[in-house]
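Novice: Quick one: structure below, then a few questions.
The values are calculated or read from the model by the stated rules, or taken from the named source; none is laboratory data. Nothing here was measured: the structure is a model prediction, and the numbers come from that model. Heads up, the Cβs are rebuilt from the backbone with ideal geometry, glycines too, and the neighbour counts pull from every protein chain shown. Keep in mind that these areas ignore ligands, DNA and RNA; they rest on the heavy atoms of the full protein, side chains included. Shrake-Rupley method; radii C 1.70, N 1.55, O 1.52, S 1.80 Å.
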Amino acid sequence: MTEQKPVSDTAATKVTLPDAQTVNSVTHWTDRLFSFRVTRPQSLRFRSGEFVMIGLLGENGKPLLRAYSIASPAWDEELEFYSIKVPDGPLTSKLQHIQPGDQIILRPKPVGTLVHDALLPGKRVWFLATGTGIAPFASLMREPETYEKYDEVIMMHTCRTVAELEYGRQLVESLKDDPLIGELVGDKLKYYPTTTREEFHHMGRITDNLTSGKVFADLGLEPMNPETDRAMVCGSLAFNKDVMEVLEGFGLREGANSEPREYVVEKAFVGDGI
Ligand code: FAD
Ligand code: A2P
């Protein structure tokens, strides 16, 4: 049994909540980004790509919860999350200090649109993400169904700097040798990371690299086509809006769980960014 620690970082609140999970590991990627793994409630079933509400006890003793994509796949024994650190953020100014053995609150009610069931069958799937928007795709890239359903999986991830790409880069790198899914992934997964504010071998916004055709030329792929291509989008509101326009320009239409079509979208966060 793991020792029960208070959920809040203030020693004053020693409460054990029914939805508490224990932190197993924490990795800091930059001064703005970290990831962590927690225990998974035995009863929690989710579809890769969905999000849940997680948080800590606030100073008033009430849960302070925020939406978080589950970054681990549905088959994983633990749950992984990839998080921003907002300096004055009510939750992340505290969450960034969690350590192994601490507890967080996790409401076991997964929801979301970035799921395979919300797309019509196709040959290629494009995962389009900025910043922490890669989190649902960290789950879907490790999901066997992704490779069973598609011949090609293209992960485009754009951040301002090279360091902000590192979580995704290491994850993609690790897939090759993954004993569970490595063989299934094979050479189906094409990773196209770019930066916009620091020199890198591939640069530019996802929207620009799609409209100019640069990504198709660089990867040796045919342009997007609504007959064969499906897409999932996760980034800031501005990014989502602009990339939706680009996808519509290629003839893809937005779908949902209730009405599967060619692409689906989810917000990576609410607000204008920091
Ligand atoms: P908040 O008061 O929630 O946010 C303050 C401001 O910080 C926001 O107005 C916004 O401008 C900025 N901000 C918040 N989150 C981000 C972010 N992720 N990237 C860049 N700027 C941000 N956040 C994650 O870090 N990882 C996730 O997997 C994740 N999944 C989400 C899924 C959904 C469906 C939604 C709606 C949000 C998700 N978020 C995710 C955002 C998350 O819910 C919180 O906003 C974030 O944890 C910051 O919480 P906070 O209380 O510290 O600050
Ligand atoms: P840029 O540096 O050109 O603004 P942020 O850190 O602001 O959330 O942005 C994350 C990444 O998403 C950055 O590389 C940023 O590029 C890019 N981005 C921001 N807004 C858009 C948009 N409307 N369309 C395409 N890419 C965007």
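Novice: Just read off the accessible area of D88 with the full protein assembly in place, 1.4 Å probe, to the nearest 10 Å².
Specialist: Rounded to the nearest 10, that gives 140 Å².
Novice: Still on this structure: Express the C-alpha Rg of the chain as a ratio against the empirical globular expectation 2.2 N^0.38 Å, rounded to two decimals.
Specialist: Normalised Rg, Cα atoms only: 1.01.
Novice: Would you please report the Å³ per residue occupied by the convex hull of the alpha carbon atoms in the stretch 182-274?
Specialist: 146 Å³
Novice: Tell me, what is the per residue accessible area of the chain in Å², probe radius 1.4 Å?
Specialist: Averaged over the residues of the chain, the accessible area is 47 Å².
Novice: Using only the Cα atoms of the stretch 217-256, construct the convex hull and provide its projected area averaged over every direction, in square nanometres to one decimal.
Specialist: Average of the hull's projected areas for the stretch 217-256 equals 3.4 nm².
Novice: Moving to a separate point now. For the stretch 166-243, run through the GluC sites (Glu not before Pro) and keep only the ones in DSSP coil with at most 15 other Cβ atoms within 10 Å of their Cβ.
Specialist: E198, E199, E227
Novice: Give K62/K94; K85/K149; K85/K188; K109/K267; K188/K214; K109/K241 a once-over and call out the pairs whose C-alpha atoms are over 23 Å from each other.
Specialist: Going by Cα-Cα distance, K85/K149; K85/K188; K109/K241 fall outside the 23 Å limit.
Novice: In degrees between 0 and 90, to the nearest 10, how far off the longest principal axis of the chain does helix 166-175 point, with axes built from Cα atoms?
Specialist: The angle comes out at about 70 degrees.
Novice: Another question about this same structure. Taking all protein chains in place and a 1.4 Å probe, what share, in percent, of the accessible surface of the stretch 216-272 do carbon and sulfur account for?
Specialist: Numbers: 1410 of 2880 Å².
On the stretch 216-272, the fraction of accessible area on carbon and sulfur atoms equals 49 percent.
Novice: Suppose only helical runs count, i.e. DSSP H with n ≥ 4. What mean residue ellipticity at 222 nm does that imply for the chain under -39500 (n - 2.57) per run, divided by all residues and rounded to the nearest 500 deg cm²/dmol?
Specialist: Estimated from H runs of four or more residues: -5000 deg cm²/dmol.
Novice: Given a 1.4 Å probe and the protein chains all in place, what does the accessible area of S83 round to, in Å² to the nearest 10?
Specialist: 0 Å²
Novice: Any idea how far the Cα center of the stretch 40-63 sits from the one of the stretch 87-138, in Å?
Specialist: 11 Å
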